[in-house]
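Right, one structure below, let's go through it.
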Amino acid sequence: MPGGAIFSDHAAIDSMIVTYNTSVYISLGLASVLTAIGILFVHAGLFGRIPWGGRLVQAVPVVSALFITAAGVLIACEALIQAGVLRI
């Protein structure tokens, strides 16, 4: 019976298994979508039209890294505030 273990001693293990399975399915879905987008770009010949030497293309990795770093710092600060370690 699915979900029957919720009321047993194995509820924590069941929860970990569900969390693990969910993260695996999300990862597989993300990988599939990104692969499909890449294949579409190659098939459509869009890479030949992009000016690879332009300033915008060169700035994309830096801007992306700064955005991810800022998001990580904000998430960490929020977690520390919720835990009561950091007070603002």
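Taking the options 15, 27, 23, name whichever one is assigned to a helix (DSSP H, G or I), surrounded by 10 or more Cβ atoms within 10 Å (Cβ to Cβ), hydroxyl-bearing (Ser, Thr, Tyr) and modelled with pLDDT under 85.
Among 15, 27, 23, only 15 is assigned to a helix (DSSP H, G or I), surrounded by 10 or more Cβ atoms within 10 Å (Cβ to Cβ), hydroxyl-bearing (Ser, Thr, Tyr) and modelled with pLDDT under 85.
Within the range 47-59, track down each residue that is loosely packed, with under 10 Cβ neighbours inside 10 Å and assigned to a helix (DSSP H, G or I).
Scanning the range 47-59 gives 48, 55, 56.
The values are calculated or read from the model by the stated rules, or taken from the named source; none is laboratory data. Computed from a prediction, not measured in an experiment: that's the story for all the values here. Quick reminder, even Gly has a Cβ in these numbers, built from the backbone with ideal geometry, and neighbours come from all protein chains shown.
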